[in-house]
Structure formats: C-alpha cells, structure tokens
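Written out below as structure tokens is the structure these notes cover.
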Amino acid sequence: FATRFIAGETVEAAIDVSRRLESQGLLVTLDHLGERVKTLDESTEATGEYVRLIDVIVHAGIERNISLKLTQLGIDVDRATCIDNLRRILEPAARHEFFIRIDMENSPYAGRTLECFETLWQYGYRNVGVALQSYLHRTEADLRRMNELGARVRLVKGAYKEPSSAANQH
C-alpha cells in the first residue's frame, strides 16, 4: 500500500520515480518523511534535509513542489525555532520557484500550524500554502480565513482518527 505514496527510501530513488511519473503527465510533490522531533538539533537536521532536497530537485529538473510537517521542524520544541526553520526552507525555495505546502497534522496542531503559516504570510512569503482536513469542525472557518488571505489551500480528507469533539464522525 505505502509504495503508492512513497517514491523511495532515498532522495535519488524519489527523483527517479518523480521523473517517471512526470513523463506520464502527473504532478509530483516530494516530502522528506518524518515528524515529531524532540530536540532543536533534530529540527535543524530536518530543516537541512529540506534545503538539500531543494538543491537536488533543482539539479534534477523535476517539479518544484514540497510538502512538510511542522512537527518535523520543531513546533513541539519551540514555536519561534519552527518558524525560523520554515523560513530557512522558504527562502531558497522562493529563489528557485518552489511551492511549499504545510501538511495539516492531527487536530491539536491545527491552530498552531495556521498561526505559523500566517506569521510567515505576514512577512510576505507567498510560495507557501497549507493543507486543511475537511472533517474538522473548525475547517470551514479556517478555509474562509485562508481565502481572505488569498492563500493556496489543499483540502484533504485527513488521515487521523479524531475525537468527535474535534471532527465530524463518518
């Protein structure tokens, strides 16, 4: 099942799969898998991996879309560091015309994710968008706010089992 969504265990393997998919007319977004780092050093390392991924993608000449999770950039460790790490990714991404999508994690992260996104939006970063989970109670208001900003939103079903206090149950 996972091989449908995971292009490879190395960046090079993911590049090869991306080229094949693009030759079939498909669009590609790459993600360096990982989440919930526990230290600032781990968040710095993950940030460096994303900056490296940008360089590899530029050299490979493939689609310039990346998605990431803020728990991988340290939102649980220090919000300011997380925002700075995201900025360290967005700057080279902007220079090379990348689009960065912030994935939405489970409901306890929804507010903090959007706060980080909006902080960078206020600083003028426009090469970034956010995913919203369609079944969260708060999503309609969040979507309205993102539309008011003019932000690019990816509306997703969501992969997390959420409590009924946070999400509509299907």
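Results, tabulated for the structure shown:
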| read-out | value |
| --- | --- |
| Enumeration of residues in region 135-170 that are free of Cβ contacts under 8 Å to residues at least 40 places away in the same chain, in a loop (DSSP other than H, G, I, E, B), among the charged types (D, E, K, R) and closer than 22 Å to I100 by Cα | K157 |
| Members of region 147-159 found to be under 13 Å from L114 (Cβ atoms) and in contact with a helix residue (DSSP H, G or I) (Cβ under 8 Å, 6 or more places away or on another chain), listed by number | L149, A151, V153 |
| Conditions (1) open to solvent by 20 Å² or more (accessible area, probe 1.4 Å); (2) in contact (Cβ under 8 Å) with a residue 24 or more places away in the chain; number of the one not met by E45 | (2) |
| Among the candidates G74, G34, residue that is of a type outside the set (K, R), at positive phi, surrounded by 15 or more Cβ atoms within 10 Å (Cβ to Cβ) and at pLDDT 95 or above | G74 |
| So H137, is it of a type outside the set (F, W, Y) and either open to solvent by 70 Å² or more (accessible area, probe 1.4 Å) or under 13 Å from the mean Cα position of the chain (by Cα) (or both) | yes |
| Any hit, region 1-12, residues being surrounded by 13 or more Cβ atoms within 10 Å (Cβ to Cβ), aromatic (F, W, Y) and either in contact (Cβ under 8 Å) with a residue 40 or more places away in the chain or within 21 Å of G158 (Cα to Cα) (or both) | no |
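The values are calculated or read from the model by the stated rules, or taken from the named source; none is laboratory data. None of the values given here were measured: they were computed from a predicted structure. Using ideal geometry, Cβ is built from the backbone for each residue, glycine included, and neighbour counts are taken over all protein chains shown. SASA here: full protein model, heavy atoms, side chains in, ligands and nucleic acids out. Shrake-Rupley method; radii C 1.70, N 1.55, O 1.52, S 1.80 Å.
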